[in-house]
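In what follows, a single structure is set out as structure tokens and then discussed.
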Amino acid sequence: MLKQGQKFIFVADILIFVIINMTFLKFKHINRTPILCFLFFICSEANSFSQVKSDTVLFSDQTAKPSVLHTMVGYLDSLDGLRETIVNKAFPFVGTPYKYASSGPSSFDCSGFTQFLFAYFDMILPHNAFLQSQLGNIVKLTEAIKGDLMFFGYKSKDGSNHISHVGMVYSNRNGVVEMIHASTSEGVRIDRTDSNNWTNYWSKKFIFAKRLVD
């Protein structure tokens, strides 16, 4: 089945040849051979470009399969290497101020921060915590690893989740998780699940953790 980009190129190919043939019918004295050769080359290149672009995973598309992420970052040896690189990219931004609807690099909101980090590796997340929560696979918090996302909010009476915040797992040492995130009060910071801040606030709002890099 043709993907969206391929369908566009295919239709464009047909239109080009229809227009050229109509031109030849009107101007019969024109030598067709060099023009047709040139058009064949252009269309072939366009189809090749379409194939490359259609293989790019957009996380804003909820049908995207996280398991193919490693094909987009071939310069990394493994998924563990990708996760490590993402969290290493995050740390220098500790202390960066919070700003609503900002996606960096001078300020961030929560989903803008995670979007910014993943974008470095051609992984396009929506700038919205709830939409990000629709991606990936749920994992237990005690089993979360670097690069997993943590979502916060509340559950309504009908059981649906209302997501209002997202952070990223910075580390997990024997079940103690460190989360790096853009908080409204202090900007980008790291919180631990064995801290008073977690016990008194974040643990009460935690919904689930999800793995996008797998």
Report summary line: Checking Pro126, Pro105 in turn, the sole residue that is surrounded by fewer than 21 Cβ atoms within 10 Å (Cβ to Cβ) and touching a Ser or Thr at 6+ places or on another chain (Cβ under 6 Å) turns out to be Pro126
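Looking at Ser164, Ser133, Ser195, which is the one that is of a type in the set (Ser, Thr, Tyr) and out of contact with any strand residue (DSSP E or B) (no Cβ under 7 Å at 6 or more places or on another chain)?
Values: Ser164 fails: out of contact with any strand residue (DSSP E or B) (no Cβ under 7 Å at 6 or more places or on another chain); Ser133 fails: out of contact with any strand residue (DSSP E or B) (no Cβ under 7 Å at 6 or more places or on another chain).
One residue alone meets the criteria, Ser195.
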Report summary line: Inside region 129-179, the number of residues satisfying the requirement of being in contact with a Ser or Thr (Cβ under 9 Å, 6 or more places away or on another chain), farther than 20 Å from Val94 by Cα and small (Gly, Ala, Ser) is 2
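Please count how many residues of region 151-183 are of a type in the set (Ser, Thr, Tyr) and within 23 Å of the chain's Cα centre (by Cα).
Of all residues in region 151-183, those of a type in the set (Ser, Thr, Tyr) come to 154, 156, 160, 164, 170-171, 183.
Filter again for within 23 Å of the chain's Cα centre (by Cα), leaving 164, 170-171, 183.
Total meeting the criteria: 4.
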Report task. Of all residues in region 199-213, count the ones that are crowded, with 18+ Cβ neighbours inside 10 Å and not in a strand (DSSP E or B). Result -> 3
Requested in this report: Of all residues in region 130-180, count the ones that are crowded, with 17+ Cβ neighbours inside 10 Å, aromatic (Phe, Trp, Tyr) and out of contact with any Asp or Glu (no Cβ under 8 Å at 6 or more places or on another chain).
Outcome: 2
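Read the figures in this text as sums done on the coordinates, not as results from a lab. Computed from a predicted structure; not experimentally measured. Positions of Cβ are generated from backbone atoms using ideal geometry, with glycine treated the same way; all protein chains shown enter the neighbour counts.
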